[in-house]
Amino acid sequence: MSTIKDDLAAPVVAAPAGGPEGFSPAGAVASLLRRARGGDVGPLPVIIGLAVIWAVMQVLNDAFLSPRNLVNLLTQCASVGTIAIGVVLVLLVAQIDLSIGSMSGLSAAILGVGLTQLGWSLPVTIAVALAAGLVLGLVYSAALAWFGVPTFVATLAGLLALLGLQLQILGTHGSINIPFDTWIVRFMQQMYVPRAASYVLAAAVAVLYLLSRLARARRRRHHGLPAGSQSSAIALSVALLVVLEVACWYLNQDHGISAPFVLFVVLVVIIDILLSRTRWGRQVYAVGGSIEAARRAGINVHRIIASALVLGTLFATLGGLLAAGRIAAASTSSGTGTVNLNAIAAAVIGGTSLFGGRGNAYSALLGILVIQSIANGLTLLNLAASVQFMITGGVLMVAVIVDSLTRRRRAAHGRA
Amino acid sequence: MTQIEPAQSAAAAVPGEALLSLRGISKAFGAVQALADVDLDVHAGEVVALLGDNGAGKSTLVKILSGVHPPDAGTITFRGDVVSIGSPVAARELGIATVYQDLALCDNLDVVANLFLGREQTKVLLSEEVMEQQASSLLQQLSAKLPSLRSPVAGLSGGQRQTVAIARSLVGSPAVVILDEPTAALGVAQTAEVLNLIERLRERGHGVLLITHNLVDVKEVADRAVVLRLGRNNGMFDLQHASDEQIVAAITGATTSAVTRRAAAKATKAGEGE
């Protein structure tokens, strides 16, 4: 009897990308340079920028890189960084929210008045503030979907109206102190990850990263797809482990890692997973990339934009609550001044495009680190607010120029 | 949920089975009669070219088939059943996929994401590997050459983008694929790529409705040509026998007269007879 073999096992994709060769640093650098020339720079410019800022600040004042100051710096990132996560989401669907500062101020006012004058419990107060944020996001979404009001205009109106509401709620007091024994104040001012726990946490993060990489490689092999090299996954995980453990050790010289910063990073990771691994996230990018293509693909465009706008206002609300907890007060100046622009600048500096469809949750983290490093460093130097504004403005300008340049490079290399 | 089942769709469609039959389709926009009493058939494993000058009603007909506009009168029969196509989603679910001229791809998303846009496969999280494998095997069946499935489609050439758009229309195994001017913006080599792809669709047993201005393309890949003029049927040609002059005359109406109408009517009968 003759044997007949169907050649069913023919490989689906011919060239396995970097499979057997394993991980080589030279190869990684070369591919990084190739991508950078094509305009796909990733987070590299921000990380280099951050290193430069830290170096300059350290030269100008050797207290800048001290454990005490870095602990402080990370904690300062939490509130505006949380707002910036929402900004990333709103920018990804090619919209803008200019009222995030006012919304955070309003939520601070609700927190102050609710806790001290109305006698609400903390959970109820937080729920009321979040409900206000939810309603605001729905109002913007409805204005856009039903009346075609661009978010730029709707949120500009919101900026004024919410500021008015904030002043109204605060009434004649102008400023309300929140008792120091309130949980949110203790959370923002005094809670740190215990030293031993921080090392375990850092190790857990690295292990989780490795496991997720390996699981992904296993799924890809299972489906007959090139899986990339295991050694590079292990090398990156080890590098991550070392960096995190050293950072923990250094910060533990002082108070250690603050709880608010951990909360902020956890939120960033959650949003990153939602954006990159769920259908909703895919549709957010699609709407930001081409609203017409998304609509024709059967995506409910209005619903996706609404979800991003609502999350934007909710994160602004949460950021306002954290900020009020940090200073243990709500005042007429809560959420005013630089909050609005710092949050938007953080998202853009971190690499989220103002033009929609490009960016990720981590840009909120990177961007706010840059912004707060500048603010913190300049404060250490005792520079006036005027100089701080000018320098932050300059950095934002540079970030937007980088955004535009990489966009142009992508266009030149056909990756617009 | 969504599955690419090329083999099944090809097997289900008996070669020559009438997939789509339009009878007496009319559509008016206000005082403008865009379509009047139009007939059209698309069979399985057949490429039908829909020809006509600007304003002949080609786009209106496509929009009726893809569920954008309802017809004012006439019947649409799909696989033997009279159907009404109420929305683009309904058309897609029925098995009529349309590739529009402007492609409607998301430049910032990669090939796999574009192929499955709006019908992503998930198990709580996206099943990236399942989608990538299906995309890869679909593109392989189409003999499509793309540099990478995981880079943004903005980096692809015009022909490759057209390939992605056509491949996307095949996700969900439609019986009929409507291509609106697929080669209009392409160079010679890229046009050849797309024409190959159209032949591949025919081999897979899809009925293809090809809307185009380009007679050369029509001659290359189409089996039959249906000509619309001023919203009416103005001839149907078996491309094995028809001359360019006859077709051009039908498109432009240059020789519209009792004689050509008789010839066109004969050709129509012959076309229906096969």
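Taking segment A:134-149 as the region of interest, how many residues are open to solvent by 70 Å² or more (accessible area, probe 1.4 Å) and free of Cβ contacts under 8 Å to residues at least 60 places away in the same chain? The qualifying residues number 4. One residue stands out among those in segment B:147-159 that are out of contact with any Asp or Glu (no Cβ under 7 Å at 6 or more places or on another chain) and surrounded by 19 or more Cβ atoms within 10 Å (Cβ to Cβ): the one that is nearest to the other protein chains (Cβ to nearest Cβ), which is B:G155. With respect to A:L236, determine if the residue is away from every other protein chain (no Cβ under 11 Å), surrounded by fewer than 19 Cβ atoms within 10 Å (Cβ to Cβ) and under 20 Å from the mean Cα position of the chain (by Cα). So A:L236 does not fit the description; no. Tell me, yes or no, whether segment A:116-124 has at least one residue that is in contact with a Ser or Thr (Cβ under 9 Å, 6 or more places away or on another chain), outside any helix (DSSP H, G or I) and of a type in the set (A, V, I, L, M). Yes, that holds for at least one residue. Taking segment A:283-328 as the range and being more than 14 Å from chain B (Cβ to nearest Cβ) and of a type in the set (S, T, N, Q) as the test, the residues that pass are A:S307, A:T313, A:T317.
Among the residues of segment B:123-133, those that are buried (at least 16 other Cβ atoms within 10 Å of the Cβ) and either more than 9 Å from chain A (Cβ to nearest Cβ) or within 24 Å of A:V301 (Cα to Cα) (or both) comprise B:L126, B:S127, B:E128, B:M131.
Take B:A184 and tell me if it is within 16 Å of B:L210 (Cβ to Cβ), surrounded by fewer than 20 Cβ atoms within 10 Å (Cβ to Cβ), more than 13 Å from every other protein chain (Cβ to nearest Cβ) and among the hydrophobic types (A, V, I, L, M, F, W, C). Considered against the rule, which asks whether it is within 16 Å of B:L210 (Cβ to Cβ), surrounded by fewer than 20 Cβ atoms within 10 Å (Cβ to Cβ), more than 13 Å from every other protein chain (Cβ to nearest Cβ) and among the hydrophobic types (A, V, I, L, M, F, W, C), B:A184 comes out as yes. Hey, does segment A:341-360 have a residue that's aliphatic (A, V, I, L, M) and farther than 16 Å from A:V395 by Cα? Within segment A:341-360, none of the residues are aliphatic (A, V, I, L, M) and farther than 16 Å from A:V395 by Cα. Each residue in segment A:206-223 was checked for being crowded, with 17+ Cβ neighbours inside 10 Å and either more than 14 Å from chain B (Cβ to nearest Cβ) or not in a helix (DSSP H, G or I) (or both), and 3 of them qualify.
Among residues of segment B:27-38 being touching a residue at least 60 places away in the same chain (Cβ under 8 Å) and open to solvent by 50 Å² or more (accessible area, probe 1.4 Å), the one that is farthest from the chain's Cα centre (by Cα) is B:Q33.
Among the residues making up segment A:271-282, those that are open to solvent by less than 30 Å² (accessible area, probe 1.4 Å) and either in contact with an Asp or Glu (Cβ under 8 Å, 6 or more places away or on another chain) or within 7 Å of chain B (Cβ to nearest Cβ) (or both) are A:T278, A:R282. Residue count for segment A:330-348, restricted to those that are open to solvent by 10 Å² or more (accessible area, probe 1.4 Å), among the aliphatic types (A, V, I, L, M) and more than 25 Å from A:R407 (Cα to Cα): 1.
Tell me, yes or no, whether segment B:169-176 has at least one residue that is open to solvent by less than 10 Å² (accessible area, probe 1.4 Å), under 12 Å from B:A49 (Cβ atoms) and either within 14 Å of chain A (Cβ to nearest Cβ) or in contact (Cβ under 8 Å) with a residue 40 or more places away in the chain (or both). The answer is no, given that none of the residues of segment B:169-176 is open to solvent by less than 10 Å² (accessible area, probe 1.4 Å), under 12 Å from B:A49 (Cβ atoms) and either within 14 Å of chain A (Cβ to nearest Cβ) or in contact (Cβ under 8 Å) with a residue 40 or more places away in the chain (or both).
The values are calculated or read from the model by the stated rules, or taken from the named source; none is laboratory data. Keep in mind that what you see is a predicted model, and the values were worked out from it rather than measured. Glycine gets a Cβ as well: all are built from the backbone with ideal geometry, and neighbour counts include every protein chain shown. Note: areas computed on protein heavy atoms with side chains; ligands, DNA, RNA excluded. Shrake-Rupley method; radii C 1.70, N 1.55, O 1.52, S 1.80 Å.
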